[in-house]
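What follows is a single structure, written as structure tokens, with notes after it.
The values are calculated or read from the model by the stated rules, or taken from the named source; none is laboratory data. All values derive from a computational prediction rather than experimental measurement. Cβ placement follows ideal geometry from the backbone for every residue including glycine, while neighbour counts extend to all protein chains displayed.
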């Protein structure tokens with residue numbers, strides 16, 4: 001199954017038409033369009049809405065190890081030499097409020113440019129940014145300017161794409177997908193400046209036009225990935241292997257992040273060697289006792305990873 005996540009209906013419309021998707025009226029919390037092979041979810045803009053929407057979808061339609069999650073949407077770009085409508089595959093996702101960084105697996109060859117995307121909780125207009133710290137405006141404007149100053153520090157380290165959902169979708173998706181099942185594609189629509197930009201104002205109609213321009217290239221590439229994965233018959237973990245991994249995770253006292261890493265390393269080993277059950281059970285048999293702290297668990301986890309490399 002292909003799962004497409006898009007923030008806005010105007011972004012999704014060209015894909016809905018291209019794939020001939022029909023609205024699922026049984027899914028009432030968010031807009032969902034589908035056919036036999038594709039689910040297209042319109043999450044709404046922003047981190048909270050996108051996280052809730054994806055969680056709701058995955059609870060109704062639990063994904064399998066063969067499914068592919070693709071986030072597609074428009075973004076701002078700090079590099080004004082990049083033409084509007086340029087498609088980027090995101091190789092790094094940064095969360096503006098926390099500074100946390102996430103790395104989608106770049107395992108597929110592709111025809112797009114690559115760049116990092118910064119996820120902001122609010123729309124950014126850099127034309128409002130002020131260098132001075134001596135503000136005379138009201139409190140709301142001061143807070144806005146302070147946030148823009150914070151964002152500016154990120155951007156000073158290099159050029160960025162900027163969106164409002166990628167970091168949230170990535171963190172939510174890790175509860176349902178492996179990182180090799182996630183793809184983040186962004187289409188440049190503006191340069192983060194309402195004033196001083198040579199581009200027309202970004203309207204819903206313009207967003208639709210930008211996605212329509214790139215729709216066939218994006219979807220043909222995604223469908224090729226799905227076809228190649230099906231032809232390769234990529235193996236999934238057996239019930240016994242999954243149970244053994246759960247037992248190992250408990251024995252190692254792993255954090256959520258480390259547990260996800262355990263499953264990721266194990267899946268790659270499975271793809272390479274065909275079976276991982278014996279490796280897990282042998283390691284469990286050699287452990288003297290269950291780990292009592294995360295520090296102790298990390299030490300044993302590092303040893304286990306060495307066996308998989």
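Condition first: out of contact with any strand residue (DSSP E or B) (no Cβ under 6 Å at 6 or more places or on another chain) and either farther than 16 Å from residue 219 by Cα or assigned to a strand (DSSP E or B) (or both). Now tell me which residues in region 74-95 satisfy that.
78, 79, 80, 81, 83 - these are the residues of region 74-95 that are out of contact with any strand residue (DSSP E or B) (no Cβ under 6 Å at 6 or more places or on another chain) and either farther than 16 Å from residue 219 by Cα or assigned to a strand (DSSP E or B) (or both).
Residues being modelled with pLDDT of 90 or more, under 19 Å from residue 77 (Cα atoms) and in contact with a strand residue (DSSP E or B) (Cβ under 8 Å, 6 or more places away or on another chain): count how many of those fall in region 194-217.
5
Looking at the structure I just gave you, is residue 271 modelled with pLDDT under 85, assigned to a helix (DSSP H, G or I), over 20 Å from the mean Cα position of the chain (by Cα) and not assigned by TED's automatic domain parsing to the domain that holds residue 106?
Yes, satisfied.
Somewhere in region 244-253, is a residue surrounded by fewer than 17 Cβ atoms within 10 Å (Cβ to Cβ), free of Cβ contacts under 8 Å to residues at least 24 places away in the same chain and either in contact with a helix residue (DSSP H, G or I) (Cβ under 8 Å, 6 or more places away or on another chain) or closer than 21 Å to residue 174 by Cβ (or both)?
Taking every residue of region 244-253 in turn, at least one turns out to be surrounded by fewer than 17 Cβ atoms within 10 Å (Cβ to Cβ), free of Cβ contacts under 8 Å to residues at least 24 places away in the same chain and either in contact with a helix residue (DSSP H, G or I) (Cβ under 8 Å, 6 or more places away or on another chain) or closer than 21 Å to residue 174 by Cβ (or both).
Taking residue 98 as the residue in question, decide whether it is assigned to a loop (DSSP other than H, G, I, E, B), out of contact with any helix residue (DSSP H, G or I) (no Cβ under 7 Å at 6 or more places or on another chain) and either surrounded by 17 or more Cβ atoms within 10 Å (Cβ to Cβ) or modelled with pLDDT under 90 (or both).
yes
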